[in-house]
Amino acid sequence: MIKLTEDAANQISAQIKASGGESDPLRVAVTQHAKHKGFQYLMGFDKQNDNDSVYDIRGVQVIINNDLLDIVNGMEIDFVEVEGEESQFIFKNPNDPAYKAPSE
């Protein structure tokens, strides 16, 4: 299933706390990227639908449409510093045709 790094879970929890502590679960969605071979990832707080599964990952309620479970299986979401003081969520998904695993 999906993994959240500690940094990602902390950032999501901080966003929930900043919004007053009341929040819908975090929806993680995946679509085919329009311009290249690979996936596009979306996240946002949303209500659960009938065709969703809910997971508690590091204390964060995450919802995923059941049609996407095979695509996101094994994916890791991280929150990293990219330049100076800029940070962003990154998605490491071995099921994404455009994903390149780090060299070991």
Does D50 satisfy the criteria of being charged (D, E, K, R) and in contact (Cβ under 8 Å) with a residue 40 or more places away in the chain? no
Of the candidates I12, I77, the one satisfying the condition of being crowded, with 16+ Cβ neighbours inside 10 Å, in a helix (DSSP H, G or I), in contact with a strand residue (DSSP E or B) (Cβ under 6 Å, 6 or more places away or on another chain) and among the β-branched types (V, I, T) is I12
Residues of region 80-97 being touching a strand residue (DSSP E or B) at 6+ places or on another chain (Cβ under 7 Å) and either in contact (Cβ under 8 Å) with a residue 12 or more places away in the chain or more than 28 Å from E22 (Cα to Cα) (or both), which ones? V80, V82, S87, F89, I90, F91, K92, N93, D96
How about region 56-74: which of its residues are closer than 19 Å to H33 by Cβ and assigned to a strand (DSSP E or B)? I64, N65
Regarding region 58-65, can at least one residue be identified that is free of Cβ contacts under 8 Å to residues at least 24 places away in the same chain and either under 20 Å from T5 (Cα atoms) or surrounded by 10 or more Cβ atoms within 10 Å (Cβ to Cβ) (or both)? no
Collect the residues in region 18-55 that are farther than 22 Å from N95 by Cβ and exposed (fewer than 11 other Cβ atoms within 10 Å of the Cβ), keeping them in residue-number order. A18, S19, G20, G21, E22, K47, N49, D50
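With the requirement that a residue be of a type in the set (K, R) and within 17 Å of I71 (Cβ to Cβ), what does region 22-47 give you?
R27, K37
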Those residues of region 39-71 that are in contact with a helix residue (DSSP H, G or I) (Cβ under 7 Å, 6 or more places away or on another chain) and of a type in the set (D, E, K, R) come to a total of 2
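Of all residues in region 80-100 being in a strand (DSSP E or B) and of a type outside the set (A, V, I, L, M), which is surrounded by the most Cβ atoms within 10 Å (Cβ to Cβ)?
F91
Values in this text are rule-based calculations from the coordinates and carry no lab data. Please read all numbers here as calculations on a predicted model, not as lab measurements. FYI the Cβ positions are ideal-geometry reconstructions off the backbone, even for glycines, and counts take in every protein chain you see.
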